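**Student:** Mind having a look at this structure? Questions to follow.
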Amino acid sequence: MVSPQRASLICGALLFVLPVRAAEIRLLPEYLRPDPFGAIVTEDRKNTAATEPAQVKLRVAKRGYASMQIVVYAEKPGSYRLRVTAPPPLEVDVFREWFHKMRSGGAYYPDALIPVSGTHESHIPNPDNRIENQKSEAYWLDVWVPAGASPGEYAIQVTLNADGKQAAARVPVTVLDANYPSDDVIAIDHNSYGSTWLPALYPKAAKQEDFYTSAELFRLIHAHHRIFYEHRGLYHQLGYGHAGKVAPEFAPELEGTGRNKRIANWNLFDRHYGPLLDGSAFANTRFGAKPIPFVYLPINPDWPASFLWWGEPGYEAEFVNVVSQMERHFREKGWTQTRFEMFFNHKKRYKGYPWDGDETRFEADLPYFAEYRRLLDKAVPGQSPVKFVFRADASWMLAEQARKQGGVIDFWVNAGTILSWYPDIVEMLKKRGDIVWIYSGTPEVAGPASAITFNPLRAWLWGIDGYIHWLAVSPGPDPWFRFDGGDTAMVYPGSRFGVEAPIPSIRLKAQRNCLQDLALLDTFKKTRPADWLKTEVSKRYNGLGPEDWWIAHPPITREPVQEWSNADIDSASRRSKARFNTLDANAWERVRRFLHELVTERK
């Protein structure tokens with residue numbers, strides 16, 4: 001028998017099966033994360049209604065995923081065997097959840113996902129996770145439904161063997177008569193800088209001689225692209241530093257000066273980017289081979305020409321020669337499905353250059369952007385099938401730069417907080433045909449499970465094109481036992497578990513599921529008013545209307561940008577942030593139920 005106290009503790013969302021003496025199975029939806037002691041983590045219990053279903057049931061469209069969690073609970077230490085099976089054509093992926101000990105407060109939250117087989121043996125407490133008095137071990141289950149699956153009812157079987165006894169659970173899976181679209185309506189990007197951080201995370205691979213020109217380097221780079229691609233995301237890796245130095249794996253080798261400046265060797269560049277730009281790096285994934293949609297170019301004030309000669313004919317000659325060769329090489333290779341970004345990441349205060357390329361704050365810096373646009377247009381033929389774009393990451397001067405530099409910048413990546421003040425700017429940029437993204441930090445593990453869906457949904461409600469996690473591959477010096485929270489990590493190094501590649505997180509999985517839902521939800525704009533869809537989705541998510549996601553023109557916007565401080569920006573955004581402080585763990589599940597209602601009605 002299950003005590004009422006225990007059932008209440010976990011919000012009624014579990015399916016309990018007959019316990020065996022040593023261990024029992026508990027099933028959880030994806031949005032209620034367990035702790036190692038038999039309860040739900042604090043943040044997922046906050047504000048969460050106690051009216052969850054008594055049984056976990058999965059509903060999923062074709063060509064997509066449904067997810068849930070399996071908890072093995074035992075009052076006493078012991079070994080067990082867990083087996084998960086699915087009827088064809090369904091496929092299951094099983095991951096053991098790592099319980100991270102938070103450096104602040106010492107609480108445990110699950111996030112890193114360690115791939116295991118469908119039949120897995122373990123022990124409570126887990127000797128690797130090193131948790132005193134551990135009573136629960138948790139598993140993340142992904143159910144993949146291929147495009148050719150027949151709609152209807154299926155069931156996942158979960159079997160637990162411990163102490164000579166067996167318990168079993170059945171998870172109903174309803175395959176809907178719909179397909180998740182191949183293309184996402186919102187691009188979700190995961191940003192990174194260079195490759196020098198890889199040896200610390202993958203010391204075994206880095207022991208190879210000449211690591212930075214080795215096959216191991218490119219294998220690890222491609223593995224990071226692949227894990228985000230497999231989760232409906234993309235990966236950006238900036239290859240130069242604030243002083244303009246470009247790592248050799250990010251740019252072709254140059255030779256000569258002035259009019260004779262040219263590309264001498266494409267070897268490292270093509271080894272790095274070739275499989276990404278032709279899609280072959282993703283050939284063995286469930287989503288198939290497809291070129292990456294965006295990539296940073298190595299162009300910066302000191303590449304391909306030295307900024308010492310800025311404004312001189314020689315600078316222009318070197319820039320145009322090299323960029324023209326790049327356009328020709330990309331065209332000959334057939335790399336025409338990717339947008340190649342000219343982007344400047346420096347700031348004046350870093351004392352490398354006399355102007356801000358990133359988050360520009362002074363009007364005197366805008367002519368630099370205009371001049372680089374002229375150089376780019378001179379280098380790239382007007383009818384080229386290769387897609388070059390000029391990207392600017394904007395914050396302080398966002399509104400002024402957007403108004404003044406139409407035709408100069410055509411890819412805007414904006415601070416989400418500041419863009420929330422300017423719905424009119426979003427409308428203007430989209431009418432112009434520009435690409436518009438927002439950026440911010442990654443939600444920490446210790447927030448509610450639904451926090452990872454906030455920015456993808458915000459982008460969709462605003463009618464923009466994408467969102468960036470500004471740094472997504474830095475889990476900190478000890479994510480396993482002294483975790484910083486994960487606000488710069490969506491993946492983890494698998495080396496500890498014998499996987500010489502990145503492994504996913506719970507947040508990455510939940511974000512993927514959100515993205516596939518948004519892609520399908522957006523198709524209903526063909527038959528339903530877009531404003532109605534947004535209103536219904538926002539209401540179910542957190543009880544607000546779409547207009548509540550903006551703070552149109554707060555008083556700070558009437559002051560000169562040069563007089564703003566970070567404290568002023570925080571103050572202007574405080575009212576908006578307060579609206580979302582009560583976000584509950586199952587916010588996205590309510591949106592998903594609405595989507596499933598639409599699918600059912602359509603059929």
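The values are calculated or read from the model by the stated rules, or taken from the named source; none is laboratory data. Predicted, not measured: the structure shown is a model, and the values here were computed from it. Every residue, glycine as well, gets a Cβ built from its backbone with ideal geometry; the counts of neighbours run over all protein chains shown.
**Student:** Determine which member of the set Ile452, Ile435 is in contact (Cβ under 8 Å) with a residue 12 or more places away in the chain, of a type outside the set (D, E, K, R) and out of contact with any Pro (no Cβ under 9 Å at 6 or more places or on another chain).
**Tutor:** Ile435
**Student:** Condition first: out of contact with any helix residue (DSSP H, G or I) (no Cβ under 6 Å at 6 or more places or on another chain), touching a residue at least 12 places away in the same chain (Cβ under 8 Å) and either of a type in the set (D, E, K, R) or in a loop (DSSP other than H, G, I, E, B) (or both). Now tell me which residues in segment 271-289 satisfy that.
**Tutor:** Correct list: Asp278, Gly279, Thr285, Arg286, Phe287.
**Student:** Which residues, counting only those in segment 213-234, are in contact with a Leu (Cβ under 9 Å, 6 or more places away or on another chain) and among the hydroxyl-bearing types (Ser, Thr, Tyr)?
**Tutor:** Listed by number, the list holds a single entry, Thr213.
**Student:** On the given criteria, is Ile506 within 27 Å of His100 (Cα to Cα) and of a type outside the set (Gly, Ala, Ser)?
**Tutor:** Spelling it out, Ile506 is indeed within 27 Å of His100 (Cα to Cα) and of a type outside the set (Gly, Ala, Ser).
**Student:** Also, I was wondering about something else. Since Trp564 meets every condition but one in (1) free of Cβ contacts under 8 Å to residues at least 24 places away in the same chain; (2) touching a helix residue (DSSP H, G or I) at 6+ places or on another chain (Cβ under 9 Å); (3) closer than 25 Å to Ser395 by Cβ, which condition does it not meet?
**Tutor:** It is condition (1) that Trp564 fails.
**Student:** So, of the residues in segment 572-587 that are in contact with a Ser or Thr (Cβ under 9 Å, 6 or more places away or on another chain) and part of a helix (DSSP H, G or I), which turns out to be farthest from Gly545 (Cα to Cα)? Explain how you work it out, then say what you get.
**Tutor:** Taking segment 572-587 first, the residues in contact with a Ser or Thr (Cβ under 9 Å, 6 or more places away or on another chain) are 572-573, 576-577, 583-587.
Imposing the further condition that a residue be part of a helix (DSSP H, G or I) reduces the set to 572-573, 576-577, 587.
On the way: Ala572: 20, Ser573: 18, Ser576: 13, Lys577: 15, Ala587: 14 Å.
Among those that are in contact with a Ser or Thr (Cβ under 9 Å, 6 or more places away or on another chain) and part of a helix (DSSP H, G or I), it is Ala572.
**Student:** Tell me, please, whether a residue that is of a type in the set (A, V, I, L, M, F, W, C), surrounded by 19 or more Cβ atoms within 10 Å (Cβ to Cβ), modelled with pLDDT of 95 or more and assigned to a helix (DSSP H, G or I) can be found in segment 469-488.
**Tutor:** Within segment 469-488, none of the residues are of a type in the set (A, V, I, L, M, F, W, C), surrounded by 19 or more Cβ atoms within 10 Å (Cβ to Cβ), modelled with pLDDT of 95 or more and assigned to a helix (DSSP H, G or I).
**Student:** Let me ask something additional. If we keep just the residues of segment 425-468 that are assigned to a strand (DSSP E or B) and under 14 Å from the mean Cα position of the chain (by Cα), which is surrounded by the fewest Cβ atoms within 10 Å (Cβ to Cβ)?
**Tutor:** Just the residues of segment 425-468 that are assigned to a strand (DSSP E or B), to begin with: 435-440, 466-468.
Retained after the next criterion (residues that are under 14 Å from the mean Cα position of the chain (by Cα)): 437-440, 466-468.
Working: Trp437: 23, Ile438: 23, Tyr439: 20, Ser440: 16, Gly466: 23, Tyr467: 24, Ile468: 22.
Taking the candidates together, the pick is Ser440.
**Student:** Condition first: surrounded by 15 or more Cβ atoms within 10 Å (Cβ to Cβ), in contact with a Leu (Cβ under 9 Å, 6 or more places away or on another chain) and farther than 27 Å from Trp197 by Cβ. Can you find one or more residues in segment 262-269 that meet it?
**Tutor:** Within segment 262-269, one or more residues are surrounded by 15 or more Cβ atoms within 10 Å (Cβ to Cβ), in contact with a Leu (Cβ under 9 Å, 6 or more places away or on another chain) and farther than 27 Å from Trp197 by Cβ.
**Student:** Given the conditions (1) within 25 Å of Leu419 (Cα to Cα); (2) at pLDDT 95 or above, which single one is not true for Ile503?
**Tutor:** That leaves (1) as the condition not met.
**Student:** Which pairs have Cβ atoms under 9 Å, sit 6 or more apart or on different chains, and link a residue in segment 494-512 that is among the β-branched types (Val, Ile, Thr) to one that is modelled with pLDDT of 95 or more and in a helix (DSSP H, G or I)?
**Tutor:** Partner pairs satisfying both residue conditions: Ile503/Ile227; Ile503/Phe497; Ile506/Ala449; Ile506/Ile452.
**Student:** Out of all the residues in segment 535-546, is one or more closer than 30 Å to Ala206 by Cα, of a type in the set (A, V, I, L, M) and modelled with pLDDT of 95 or more?
**Tutor:** The answer is no; no qualifying residue exists.
**Student:** Select, from Arg540, Arg590, Arg512, Arg496, the only residue that is in contact with a Gly (Cβ under 9 Å, 6 or more places away or on another chain), surrounded by 13 or more Cβ atoms within 10 Å (Cβ to Cβ) and in a helix (DSSP H, G or I).
**Tutor:** Arg512
**Student:** How many residues, within segment 499-509, are in a loop (DSSP other than H, G, I, E, B) and surrounded by 19 or more Cβ atoms within 10 Å (Cβ to Cβ)?
**Tutor:** So the answer is 1.
**Student:** Within segment 302-324, how many residues turn out to be part of a loop (DSSP other than H, G, I, E, B), of a type outside the set (S, T, N, Q) and surrounded by fewer than 19 Cβ atoms within 10 Å (Cβ to Cβ)?
**Tutor:** Taking segment 302-324 first, the residues part of a loop (DSSP other than H, G, I, E, B) are 302, 304-306, 310-312.
From what's left, of a type outside the set (S, T, N, Q): 302, 304-305, 310-312.
So of that shortlist, the ones also surrounded by fewer than 19 Cβ atoms within 10 Å (Cβ to Cβ) come out as 310-312.
Of the residues in that region, 3 qualify.
**Student:** On to the next question. Considering each residue of segment 348-407, count those that are among the aliphatic types (A, V, I, L, M), surrounded by fewer than 16 Cβ atoms within 10 Å (Cβ to Cβ) and more than 22 Å from Trp303 (Cβ to Cβ), and give that number.
**Tutor:** First pass over segment 348-407, keeping only residues among the aliphatic types (A, V, I, L, M): 364, 366, 370, 375-376, 379-380, 386, 389, 392, 394, 397-399, 402.
Filter once more, keeping what is surrounded by fewer than 16 Cβ atoms within 10 Å (Cβ to Cβ): 364, 370.
Subset that is more than 22 Å from Trp303 (Cβ to Cβ): 364.
Residues that pass the stated criteria total 1.
**Student:** Shifting gears a bit: Phe287 - would you say it is closer than 25 Å to Glu230 by Cβ, loosely packed, with under 15 Cβ neighbours inside 10 Å, in contact with an Asp or Glu (Cβ under 8 Å, 6 or more places away or on another chain) and aromatic (Phe, Trp, Tyr)? Steps first, please.
**Tutor:** Working: closer than 25 Å to Glu230 by Cβ: yes; loosely packed, with under 15 Cβ neighbours inside 10 Å: yes; in contact with an Asp or Glu (Cβ under 8 Å, 6 or more places away or on another chain): yes; aromatic (Phe, Trp, Tyr): yes.
In short, yes.
**Student:** Need pairs with beta-carbon distance below 6 Å; first residue under 12 Å from His123 (Cα atoms) and within segment 67-94, second basic (Lys, Arg) and part of a strand (DSSP E or B); sequence gap 6+ or separate chains.
**Tutor:** Close Cβ pairs (under 6 Å, with a partner that is basic (Lys, Arg) and part of a strand (DSSP E or B)) amount to Tyr73/Arg26.
**Student:** What's the number of the condition Ala168 fails, among (1) assigned to a strand (DSSP E or B); (2) out of contact with any Ser or Thr (no Cβ under 7 Å at 6 or more places or on another chain)?
**Tutor:** With respect to (1) assigned to a strand (DSSP E or B); (2) out of contact with any Ser or Thr (no Cβ under 7 Å at 6 or more places or on another chain), Ala168 is out only on (2).
**Student:** Assess whether Ala107 counts as being in contact with a strand residue (DSSP E or B) (Cβ under 7 Å, 6 or more places away or on another chain), of a type in the set (A, V, I, L, M), surrounded by 15 or more Cβ atoms within 10 Å (Cβ to Cβ) and in contact (Cβ under 8 Å) with a residue 40 or more places away in the chain.
**Tutor:** The answer is no for Ala107.
**Student:** Residues that are on the phi > 0 side of the Ramachandran plot, in the same structural domain as Ala23 (by TED's automatic domain parsing), touching a helix residue (DSSP H, G or I) at 6+ places or on another chain (Cβ under 9 Å) and modelled with pLDDT of 95 or more: does segment 46-69 have at least one?
**Tutor:** yes
**Student:** Return the pairs, sorted by first residue and then second, in which the second residue is small (Gly, Ala, Ser) and part of a strand (DSSP E or B), the first residue lies in segment 235-249 and is modelled with pLDDT of 95 or more, the beta carbons are less than 8 Å apart, and the residues are 6+ apart or on different chains.
**Tutor:** Tyr235/Ser192; His236/Ser192; Gln237/Ser192; Leu238/Ser192
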